[in-house]
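Novice: Just passing along the structure, written as structure tokens.
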Amino acid sequence: MPEPSPHDLHRLSIERRVRELLIHKLRVSPRALETSDSNTPLLGSGIGLDSMEAMSLAVEIEEAFGFAVL
């Protein structure tokens, strides 16, 4: 199996940090994230966030990564 590229490692690091934000800041159950991946919708039948929680996640991402989420 080939080693992951630096791009893949960076993407995985970002995904891990977003999962941490979901768990610790929005109090999403880790169990809800066990079967999710980067293609799982945040709203509705995906992770299950409502619109206010999605806005809160956007603010947390802005603070954690230092850029604006539009």
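The values are calculated or read from the model by the stated rules, or taken from the named source; none is laboratory data. The structure displayed is predicted, hence computed values, not measured ones. Reconstructed Cβ throughout: ideal geometry from the backbone, glycine too, with neighbour counts over all protein chains shown. Note: areas computed on protein heavy atoms with side chains; ligands, DNA, RNA excluded. Shrake-Rupley method; radii C 1.70, N 1.55, O 1.52, S 1.80 Å.
Novice: Hey, among the residues in the stretch 4-50 that are among the charged types (D, E, K, R) and within 16 Å of residue 60 (Cα to Cα), which one's most open to solvent (accessible area, probe 1.4 Å)?
Specialist: Ranking the qualifying residues of the stretch 4-50, first place goes to 27.
Novice: Residue 9 - would you say it is assigned to a helix (DSSP H, G or I) and aliphatic (A, V, I, L, M)?
Specialist: yes
Novice: Hey, can you tell me all the residues within the stretch 17-70 that are acidic (Asp, Glu), part of a loop (DSSP other than H, G, I, E, B) and under 11 Å from the mean Cα position of the chain (by Cα)?
Specialist: Passing the criteria: only 37.
Novice: Which condition number does residue 21 fail, the rest of (1) free of Cβ contacts under 8 Å to residues at least 24 places away in the same chain; (2) touching an Asp or Glu at 6+ places or on another chain (Cβ under 9 Å) being met?
Specialist: (1)
Novice: Enumerate the pairs (first residue in the stretch 44-70 and more than 12 Å from residue 25 (Cα to Cα); second residue anywhere and β-branched (Val, Ile, Thr) and in a loop (DSSP other than H, G, I, E, B)) with beta-carbon separation below 6 Å, excluding pairs fewer than 6 apart on the same chain, so at least 6 apart or on different chains.
Specialist: 46/40; 62/69
Novice: Still on this model: Across the stretch 38-70, what is the number of residues that are of a type in the set (Asp, Glu) and either more than 20 Å from residue 12 (Cα to Cα) or in contact with a helix residue (DSSP H, G or I) (Cβ under 8 Å, 6 or more places away or on another chain) (or both)?
Specialist: Of the residues in that region, 3 qualify.
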